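Trainee: The following block contains the structure, expressed as structure tokens.
The values are calculated or read from the model by the stated rules, or taken from the named source; none is laboratory data. On a predicted model such as this, the values are computed, not experimentally measured, just so you know. Heads up, the Cβs are rebuilt from the backbone with ideal geometry, glycines too, and the neighbour counts pull from every protein chain shown. Just the protein is used for accessible areas: all its heavy atoms, side chains included, with ligands, DNA and RNA removed. Shrake-Rupley method; radii C 1.70, N 1.55, O 1.52, S 1.80 Å.
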Amino acid sequence: MLRNDRWWLQPLATVLGLLAFVAYGTWTAFRGNHYFVGYPRDYLSPFYSPCLVNSCGKAADFGHLGGIGTVSPALVILIFPMGFRLTCYYYRKAYYRSFWASPPACAVADAGSTSPSGLRSHYSGETRFPLVLQNAHRYFWYFAVLFACILTWDAVEAFRFPGGIGMGLGTLFFVINAALIWIYTLGCHACRHICGGSAKRFSRSRVRYRFWRDVFTPLNHHHQLFAWMSLIFIAWTDLYVYLVSTGAVHDPRFF
Amino acid sequence: MPEEREIVMKLWRGDAGGGAFETYKLPAQEGEVVLDVVHRIQATKAPDLAVRWNCKAGKCGSCSAEINGRPRLMCMTRMSSLPIGEITVSPMRGFPIMRDLVTDVSYNFEVAKQIPSFTPAPKPPGGYRMSQVDIDRGQEFHKCIECFLCQNVCHVIRDHEDNKRVYAGPRFFVRLAELEMHPLDTLDRRAYISEAMGIGLCNITKCCTEVCPEDIHITDNAIIPLKERVVDARYDPVAWLGRKLLGRPAPLSAVQAARYTGAASSAARSPSARAVPASPETASSTGLPAD
Amino acid sequence: MSDQETHHYDVVVIGAGGAGLRAAIESLTTGARTALVCKSLLGKAHTVMAEGGVAAAMGNVWPEDNWKVHFRDTMRGGKMLNNWRMAQLHAQEAPERVYELEEWGALFDRTPDGRILQRDFGGHRFARLAHVGDRTGLELIRTLQQRAVGLGIDVFMECKIVRLLVDRDGATNGAVGFWRESGRFVTFAAKAIVLATGGVGKTWQFTSNSWESTGDGHALALWAGADLIDMECVQFHPTGMVWPPSARGLLVTEGVRGDGGVLKNIDGERFMFNYISPYFAAETADTIAEADKWYTNKADYRRPPELLPRDEVARAINTEVKSGRGSPHGGVFLDIASRRPAEEIRRRLPSMYHQFKQLADVDITTDAMEVGPTCHYIMGGVRVEADTAATTVPGLFAAGEVAGGMHGANRLGGNSLSDLLVFGRRAGLAAAQYALSHPAVAPTESAVVSVTEHALSFFAHDSGENPYALHQDLQETMQSLVGIIRVESELVEAREKLAELAERASKLSVEGNRSFNPGWHLALDLESMLACAFCTTLGAIERRESRGGHTRDDYPTPDPAFETINMVTRLSGGEVAVTHLPRPAMPAELAELFEESK
């Protein structure tokens, strides 16, 4: 291996970043409390939205799934955003490189392979179970659109204050969070294909072409950036709700 | 760069049987690229140093190598852009060595024969019409200079030699994407791309895009759209249902698509290129001085 | 020869650039067993470096355009030295050849109504060049390559042909070469051979040409007994890079000027207005105001002098630099930054943007480029019959840059790619028909052995004569004595120096073994380069006039007596001799085209 630059920096940073999120996410998802500030604010943590179990109480804007009462509301729904991100083309690159070391960096040998003839001969990429399931990314994308709508609803709800419309610092975070989710979701490669790129002749699908050129492609170009920004902001918004809910932080009201 | 600076360049010398790095020292000159230095070494110190090059302008894609371990074109890597100190230049690791910096890239030409050819719709009276927006995507792919750096860096074959039998590699995914997005093309290669070209082996880790000297967005614009097209044809029940309801034709099978390849047309002919394989005993069999 | 490998074909095409590929495709589809032999990997030939476009009078942008206008432009650009029949076939067939590429998958830039867009270029009356940004050659070669591969053609890559074989009657019956990889010899027994080996640029020091352009085909033809014509007509492209030193000579496409770029000297003056020759005065703008209006209104205004034919512009730049009005690195400024928006420059000229950014650290959207003349193309070449591309040796055909006559004394930009297609096809067709109507051939063992023994002789020499040093001396000789401006005394000096170099070349010693040995390859290439350099120098001495790419300081004007003469060089008794050959006369209906305009 002849690369003498610090090629290991990026995979290392990715590992640390993703592990930090997983650790935080596990803690918050299993916690099952302080995810909702019911009064005098209507803030519902994005980890817990939509809140669908009996214990959700006033946070359940979209009704209850009967019978489930004891489990943390986050665990019921997190499979969808998690699946979307796990099968996302960017995150796949990130974890294949940093966790699988396949490859750890360009022109750096895969873990387990040390010679040009390839000691590790069982590399099968995404052709076998379970990785063949990565092909289901677009289904998660359909749900991701639904979730983006729900988080948008939560951002609207965050303007609800006793006695009418208001705005707190938390409201701002909810708006930014929803915006980032939309930007990430609309920059998805599957979206770019389904909603535009699959056309053979753009001149015969002008509307799709416009969206493909002016929306999906520019967003897709920065998919990595938005993947991280939205990831960090979800955690931050959740943390903020927790801190306000526990009373550790006072949420300033703008108007 | 001050005139008196000295360049220390380590070049890999050897053949299929083995070899080692040799160090060359020579004075730096203004505005040089790595290939210039290699040429000066060839002209003054090592006349039999094997290096493949043609245009020296980044247009032909012949002088691919690994500079300080990074796959690059020697003619487009300025010496002043490299960190100070020893510079190593080694042949592409993804292909068998012929001699010194020259590798046997025939794998790529074999794959090229297996690509189902462009198959246009019949020409309408007055000729074909295509809008610029119809061909923008294809034109990006047509920038490819076939330097094969993407093929070299792709770990699927670089680190797992046996995959070469079942995997086309990034260069040919670009080619297939160009055909699939060509406004005049009528052939459906999706099953073929999945089965014969092995697109499922790609785990989109994007090194091909990183090394592309033409800045083609290989992963985002070619490979992933191809993967999505394969999903359309093979993994998406909604698309399947849509085809049934709208009466659209089912995707061609891989076997059907294979009929459109150059490999199929030349099957009855004598084997083409590279009738003589790399042979370490060449030198001795000619009775010439071996070194 | 224990390692002797022999292949039998109807047609062997030597060279896999545009002309070779097109010839091979035609030969194969005509039904001949065809092999394509090339010195580099498939798809790397010098054609990839063509930037501007393919000239073809399709009339997509200017319906007024037609083959007659194109024919007239070509002849006038060539200073009337062209083979009229070739120029006519070329102008008539080019559009068909371009549309054919589209059928094979090429993606040319489009007009708003979806047809092939055409751009302006020097010497062309109308916007005529079908193009793909500034990488048209790449599109062309890749399209042809993929077509050939799709047809299942047999390709012999990295195989250099050393000599053609000729039977007792003087007809060609094969070729001997070697695999560069192993150094093993390979014999082709072929009924017909098509030469498509390109040019000779590597004979000069500053050249836009790639490694391969060593005049192999010219030399192979000469040695096989064919005639070469007008080898003194060498084109120096006006705009090559001049800095940094290692990039010197790299081409800057004429498309920069076609798209609005202008040439300026150190004083910021658009000096081309001072160099409008009377020959082109009637169709060239004489004020900046008129020139600038032409880009958008070609019907009412005359073209800017920056778009005069290449020989005129190259001489003008040469004079400016010699008069001390050049740029810091000995060129002039080519400015498009101040004339077009950055976005448009990047879109229209992406590889120029790339090339300057990466090699010279110059951003052409904000700064001017420094450019100067660079050896680009040889108009002269193997004498061929216009309709069949047949040379004077039976069974031997030639197409593309290696063939002479099509471009006269100066080639217009864009006419090379169309030349490749038109005559590549004609050569392939004629060669296949020739082969299918002739019996099998069998080169003699002794003929093969004499070639291989000669090729191996370099390993036995111990003169210490280094091929790289010799190549450098040859380039310096040609650059300084047979360059853009020539004079008898220097040409005679060059002839003597070349004789000395040839003597040294015969004693070159090569280190190492036969496996991929560039020193050995260069020693063999040098034989070709020296043969071509000799022909060019002899022709240049003999043509006592200035015409197109051939400029004599001691005979500064064209001489009507030479307009009707092709300068033929051929082997006679082992020596290269030069003779005058009357040029075929143009029929009256074509000659009329030129009278109307005067």
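Trainee: Mind listing whichever residues of the range C:513-534 are facing another protein chain (nearest Cβ under 7 Å) and either open to solvent by 10 Å² or more (accessible area, probe 1.4 Å) or within 16 Å of B:H39 (Cβ to Cβ) (or both)?
Mentor: Filtering the range C:513-534 for residues facing another protein chain (nearest Cβ under 7 Å) gives C:513-519.
C:N513, C:S515, C:F516, C:N517, C:P518, C:G519 - these are the residues of the range C:513-534 that are facing another protein chain (nearest Cβ under 7 Å) and either open to solvent by 10 Å² or more (accessible area, probe 1.4 Å) or within 16 Å of B:H39 (Cβ to Cβ) (or both).
Trainee: Same structure, new question: So is A:F216 free of Cβ contacts under 8 Å to residues at least 40 places away in the same chain and open to solvent by 10 Å² or more (accessible area, probe 1.4 Å) or not?
Mentor: Working: free of Cβ contacts under 8 Å to residues at least 40 places away in the same chain: yes; open to solvent by 10 Å² or more (accessible area, probe 1.4 Å): yes.
For A:F216, the condition - free of Cβ contacts under 8 Å to residues at least 40 places away in the same chain and open to solvent by 10 Å² or more (accessible area, probe 1.4 Å) - is met.
Trainee: Could you grab me the full set of residues in the range B:39-54 that are open to solvent by 10 Å² or more (accessible area, probe 1.4 Å), at the interface with another protein chain (Cβ under 7 Å from one of its Cβ atoms) and assigned to a loop (DSSP other than H, G, I, E, B)?
Mentor: B:P47, B:D48, B:W53
Trainee: Report yes if C:G122 is open to solvent by 10 Å² or more (accessible area, probe 1.4 Å) and over 30 Å from C:L530 (Cα atoms), otherwise no. Please lay out each step first, then the result.
Mentor: Numbers: open to solvent by 10 Å² or more (accessible area, probe 1.4 Å): no; over 30 Å from C:L530 (Cα atoms): yes.
When the stated conditions are applied, C:G122 does not pass them.
Trainee: Further question on the same structure: Return the residues of the range B:111-123 that are more than 7 Å from chain C (Cβ to nearest Cβ), in contact (Cβ under 8 Å) with a residue 40 or more places away in the chain and not hydroxyl-bearing (S, T, Y); say none if nothing qualifies. If you could, list the steps in order and put the result at the bottom.
Mentor: Pass one, the range B:111-123, residues more than 7 Å from chain C (Cβ to nearest Cβ): B:111, B:114-116, B:119, B:121-122.
Now restrict to residues that are in contact (Cβ under 8 Å) with a residue 40 or more places away in the chain: B:111, B:114-116, B:119, B:121.
Correct list: B:V111, B:Q114, B:I115, B:P116, B:A121.
Trainee: Taking into account only those residues within the range A:73-96 that are farther than 28 Å from A:N220 by Cβ and open to solvent by 10 Å² or more (accessible area, probe 1.4 Å), which is farthest from the other protein chains (Cβ to nearest Cβ)?
Mentor: Restricting attention to the range A:73-96, the residues satisfying the condition of being farther than 28 Å from A:N220 by Cβ are A:73-76.
Next cut, open to solvent by 10 Å² or more (accessible area, probe 1.4 Å) only: A:75-76.
On the way: A:L75: 28, A:V76: 25 Å.
Checked the range A:73-96; the qualifying residue farthest from the other protein chains (Cβ to nearest Cβ) is A:L75.
Trainee: Let me ask something else. One residue is enough: does the range C:201-211 have a residue meeting the conditions crowded, with 24+ Cβ neighbours inside 10 Å, outside the structural domain of C:E370 (by TED's automatic domain parsing), part of a helix (DSSP H, G or I) and touching a Ser or Thr at 6+ places or on another chain (Cβ under 6 Å)? Spell out how you get there, then give the answer.
Mentor: Of all residues in the range C:201-211, those crowded, with 24+ Cβ neighbours inside 10 Å come to C:201-204, C:207-210.
With the extra rule that they be outside the structural domain of C:E370 (by TED's automatic domain parsing), the set shrinks to C:201-204, C:207-210.
Filter again for part of a helix (DSSP H, G or I), leaving C:201-203.
Filter again for touching a Ser or Thr at 6+ places or on another chain (Cβ under 6 Å), leaving C:201-202.
Looking through the range C:201-211, at least one residue is crowded, with 24+ Cβ neighbours inside 10 Å, outside the structural domain of C:E370 (by TED's automatic domain parsing), part of a helix (DSSP H, G or I) and touching a Ser or Thr at 6+ places or on another chain (Cβ under 6 Å).
Trainee: Separate question: Can you find, within the range C:336-361, the residue that is nearest to the other protein chains (Cβ to nearest Cβ) among those that are open to solvent by less than 10 Å² (accessible area, probe 1.4 Å) and of a type outside the set (A, V, I, L, M)?
Mentor: Going through the qualifying residues, I end up with C:Q355.
Trainee: In the range C:106-119, what residues are open to solvent by less than 10 Å² (accessible area, probe 1.4 Å) and facing another protein chain (nearest Cβ under 7 Å)?
Mentor: C:L107, C:G114
Trainee: Only residues in the range C:561-581 that are among the acidic types (D, E) count as the first member; pair them with residues that are open to solvent by less than 60 Å² (accessible area, probe 1.4 Å), Cβ under 8 angstrom, at least 6 apart or cross-chain, and list the lot.
Mentor: Cβ pairs passing all conditions: C:E563/C:K79; C:E563/C:M80; C:E563/C:L81; C:E563/C:R547; C:E563/C:R583.
Trainee: Please go through the range A:1-51 and pick out each residue that is small (G, A, S) and within 20 Å of the chain's Cα centre (by Cα).
Mentor: Step one: filter the range A:1-51 for residues small (G, A, S), giving A:13, A:17, A:20, A:23, A:25, A:29, A:32, A:38, A:45, A:49.
Matches in the range A:1-51: A:A13, A:G17, A:A20, A:A23, A:G25, A:A29, A:G32, A:S45, A:S49.
Trainee: So, one more: Across the range C:363-413, which residue is surrounded by the most Cβ atoms within 10 Å (Cβ to Cβ) among those that are of a type in the set (G, A, S), in contact with a Phe, Trp or Tyr (Cβ under 6 Å, 6 or more places away or on another chain) and touching a residue at least 60 places away in the same chain (Cβ under 8 Å)? Please lay out each step first, then the result.
Mentor: So in the range C:363-413, the residues of a type in the set (G, A, S) come out as C:368, C:372, C:380-381, C:386, C:389-390, C:395, C:398-400, C:403-405, C:408-409, C:413.
Okay, now just the ones that are also in contact with a Phe, Trp or Tyr (Cβ under 6 Å, 6 or more places away or on another chain), so C:368, C:389-390, C:399, C:413.
Then drop every residue that is not touching a residue at least 60 places away in the same chain (Cβ under 8 Å), which leaves C:368, C:389, C:399, C:413.
Working: C:A368: 20, C:A389: 30, C:A399: 36, C:G413: 30.
My answer is C:A399.
Trainee: Tell me yes or no: at least one residue of the range A:137-151 is within 12 Å of chain B (Cβ to nearest Cβ), more than 30 Å from A:F255 (Cα to Cα), free of Cβ contacts under 8 Å to residues at least 12 places away in the same chain and open to solvent by 20 Å² or more (accessible area, probe 1.4 Å). Give the derivation first.
Mentor: Quick first cut of the range A:137-151, residues within 12 Å of chain B (Cβ to nearest Cβ) only: A:137-139, A:141-142.
Subsequent filtering for residues that are more than 30 Å from A:F255 (Cα to Cα) retains A:137-139, A:141-142.
Now restrict to residues that are free of Cβ contacts under 8 Å to residues at least 12 places away in the same chain: A:139, A:142.
Those still in the list that are open to solvent by 20 Å² or more (accessible area, probe 1.4 Å) too: A:139, A:142.
Yes, the range A:137-151 contains a residue that is within 12 Å of chain B (Cβ to nearest Cβ), more than 30 Å from A:F255 (Cα to Cα), free of Cβ contacts under 8 Å to residues at least 12 places away in the same chain and open to solvent by 20 Å² or more (accessible area, probe 1.4 Å).
Trainee: Kindly list the number of the only condition in (1) farther than 22 Å from C:Q92 by Cβ; (2) among the small types (G, A, S); (3) touching a strand residue (DSSP E or B) at 6+ places or on another chain (Cβ under 9 Å); (4) more than 11 Å from chain B (Cβ to nearest Cβ) that fails for C:A148.
Mentor: Result: C:A148 passes all but (4).
Trainee: Tell me whether the range C:576-590 contains one or more residues that are within 30 Å of B:H39 (Cβ to Cβ), over 23 Å from the mean Cα position of the chain (by Cα) and not assigned by TED's automatic domain parsing to the domain that holds C:S277. I'd like the intermediate steps shown before the answer.
Mentor: Looking only at the range C:576-590, we keep the residues that are within 30 Å of B:H39 (Cβ to Cβ), and these are none.
No: the range C:576-590 contains no residue that is within 30 Å of B:H39 (Cβ to Cβ), over 23 Å from the mean Cα position of the chain (by Cα) and not assigned by TED's automatic domain parsing to the domain that holds C:S277.
Trainee: Return the pair list, or none, for Cβ contacts closer than 6 Å from residues in the range C:91-106 that are farther than 26 Å from C:R76 by Cβ to residues that are at pLDDT 95 or above and part of a helix (DSSP H, G or I), at least 6 apart or on different chains.
Mentor: Pairs that qualify, where the first residue is farther than 26 Å from C:R76 by Cβ and the partner is at pLDDT 95 or above and part of a helix (DSSP H, G or I), are C:L101/C:T143; C:W104/C:T143; C:W104/C:R147; C:G105/C:T143; C:A106/C:E139; C:A106/C:T143.
Trainee: On to the next question. Under the condition of being of a type outside the set (S, T, N, Q) and at pLDDT below 95, which residue from the range C:200-235 is nearest to C:A577 (Cα to Cα)? Even if it seems obvious, please write down each step before you answer.
Mentor: Step one: list which residues in the range C:200-235 are of a type outside the set (S, T, N, Q), which gives C:200-202, C:204, C:206, C:211-212, C:215-234.
Add one more test, that the residue is at pLDDT below 95, and what stays is C:206, C:211-212.
Numbers: C:F206: 28, C:W211: 28, C:E212: 26 Å.
The extreme case among them is C:E212.
Trainee: Here is a check on your reading of the model: is A:N4 of a type in the set (S, T, N, Q) and farther than 27 Å from A:S98 by Cβ?
Mentor: On the way: of a type in the set (S, T, N, Q): yes; farther than 27 Å from A:S98 by Cβ: no.
Criteria not met by A:N4.
Trainee: Among the residues of the range C:95-105, write down those that are more than 8 Å from every other protein chain (Cβ to nearest Cβ) and touching a helix residue (DSSP H, G or I) at 6+ places or on another chain (Cβ under 7 Å).
Mentor: The first filter runs over the range C:95-105 and keeps only residues more than 8 Å from every other protein chain (Cβ to nearest Cβ), leaving C:95-98, C:100-101.
C:R97, C:L101, listed by residue number.
Trainee: Could we say that B:Y260 is over 23 Å from A:P103 (Cα atoms) and within 14 Å of chain C (Cβ to nearest Cβ) here?
Mentor: yes
Trainee: Do you know which residues across the range A:175-204 are surrounded by 16 or more Cβ atoms within 10 Å (Cβ to Cβ) and either touching a strand residue (DSSP E or B) at 6+ places or on another chain (Cβ under 6 Å) or not in a helix (DSSP H, G or I) (or both)? Steps first, answer last, please.
Mentor: Quick first cut of the range A:175-204, residues surrounded by 16 or more Cβ atoms within 10 Å (Cβ to Cβ) only: A:175-199, A:201-203.
Correct list: A:G187, A:C188, A:S198, A:A199, A:R201.
Trainee: Evaluate the following for C:G573: is it touching a Lys or Arg at 6+ places or on another chain (Cβ under 9 Å), away from chain B (no Cβ under 14 Å) and among the small types (G, A, S)? Working first, answer last.
Mentor: Values: touching a Lys or Arg at 6+ places or on another chain (Cβ under 9 Å): no; away from chain B (no Cβ under 14 Å): yes; among the small types (G, A, S): yes.
Answer is no for this residue.
Trainee: Quick one: would you say A:A20 is in a helix (DSSP H, G or I), crowded, with 16+ Cβ neighbours inside 10 Å and at negative phi? Break it down into steps so the answer makes sense when it comes.
Mentor: Numbers: in a helix (DSSP H, G or I): yes; crowded, with 16+ Cβ neighbours inside 10 Å: no; at negative phi: yes.
When the stated conditions are applied, A:A20 does not pass them.
Trainee: Check whether at least one residue in the range C:109-117 is touching a residue at least 60 places away in the same chain (Cβ under 8 Å) and either under 24 Å from the mean Cα position of the chain (by Cα) or under 30 Å from A:S203 (Cα atoms) (or both), and report yes or no.
Mentor: Of the residues in the range C:109-117, the ones touching a residue at least 60 places away in the same chain (Cβ under 8 Å) are none.
No, the conditions are met nowhere in the range C:109-117.
Trainee: Yes or no: A:S230 under 16 Å from the mean Cα position of the chain (by Cα), in a helix (DSSP H, G or I) and under 28 Å from A:R41 (Cα atoms)? Before you say what the answer is, go through the steps one by one.
Mentor: Numbers: under 16 Å from the mean Cα position of the chain (by Cα): yes; in a helix (DSSP H, G or I): yes; under 28 Å from A:R41 (Cα atoms): yes.
For A:S230, the condition - under 16 Å from the mean Cα position of the chain (by Cα), in a helix (DSSP H, G or I) and under 28 Å from A:R41 (Cα atoms) - is met.
Trainee: Is it the case that some residue within the range C:360-370 is assigned by TED's automatic domain parsing to the domain that holds C:L251 and part of a helix (DSSP H, G or I)? Reasoning before the result, please.
Mentor: Looking only at the range C:360-370, we keep the residues that are assigned by TED's automatic domain parsing to the domain that holds C:L251, and these are C:360-370.
Now restrict to residues that are part of a helix (DSSP H, G or I): C:360.
The answer is yes, given that some residue of the range C:360-370 is assigned by TED's automatic domain parsing to the domain that holds C:L251 and part of a helix (DSSP H, G or I).
Trainee: Something else now. Please enumerate the residues belonging to the range C:165-192 that are surrounded by fewer than 22 Cβ atoms within 10 Å (Cβ to Cβ) and free of Cβ contacts under 8 Å to residues at least 24 places away in the same chain.
Mentor: The one that is surrounded by fewer than 22 Cβ atoms within 10 Å (Cβ to Cβ) and free of Cβ contacts under 8 Å to residues at least 24 places away in the same chain: C:R168.
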